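Only one structure is covered here, and it is reproduced in the block below.
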């Protein structure tokens, strides 16, 4: 199966920084004392996953990985001072830390604006659909980076399990992504709420798992499906578009949304 006609786009500037911020927040790290060694290892793990799903801007992540590796090597060079006593102007992490702090500031501000817009939208719904009906390249639509990192993280866990059960011979799956979109969409509409991991149960073919993952991204991006986490960085659930739910389903969704958050 080839994925060259379906690519995921991230902002050219904020992509690598957003992944770094995601890792810092997930592991509750101190940005000011950015522990480079574990961050480099995790960043490289994500880089492998991004290459697997054919990310357009993977080059920017490779540059960041190189920067992190260089910083790590400079930190392990012999020094008369322990790492905790290195002056800020001597610290090879200082520029990156400053960028990360600035990016977090803008990201938090953007999130507040987005939350305000969402509340305003509930009071004054749009009269027309913002998304063009046709004539638009699918790769031009964007997924919020934090949503992508949660999904990519879940994909990574699935692929690690798959490595233990994959067939001895190399097999390729040429099923069109449209087929997976239809199958997964039908299941989610029927069951109302499907755990992300369960969509890959009993699948051992890596190319098939990647194809199904891309289909889920397509459902989230273009078909109104939603991803929700009941706990931060916890299990991800895929839900159908709100307009397909009955009134009782919507009431149940509203109740569960008070205890969770959309991914």
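Derivation of every value follows stated rules applied to the coordinates shown; laboratory data play no part. On a predicted model such as this, the values are computed, not experimentally measured, just so you know. In this analysis, Cβ positions are derived from the backbone assuming ideal geometry, glycine residues included, and neighbour counts consider all displayed protein chains.
Highest mean first, what order results for 209-221, 188-200 on Cβ atoms within 10 Å?
Ranking the peptides 209-221, 188-200 by packing returns 209-221, 188-200.
Using a Förster distance of 51 Å, how high is the FRET efficiency between residue 222 and residue 73, based on the Cβ-Cβ distance and rounded to 0.05?
0.75
Going by how many other beta carbons lie within 10 Å of each one, how would you line up 112, 226, 25, fewest first?
The order, fewest Cβ neighbours first, is 112, 25, 226.
For 47, 148, which order do you get if you count the other beta carbons within 10 Å of each Cβ and list the fewest first?
Placing the least packed residue first, the sequence is 47, 148.
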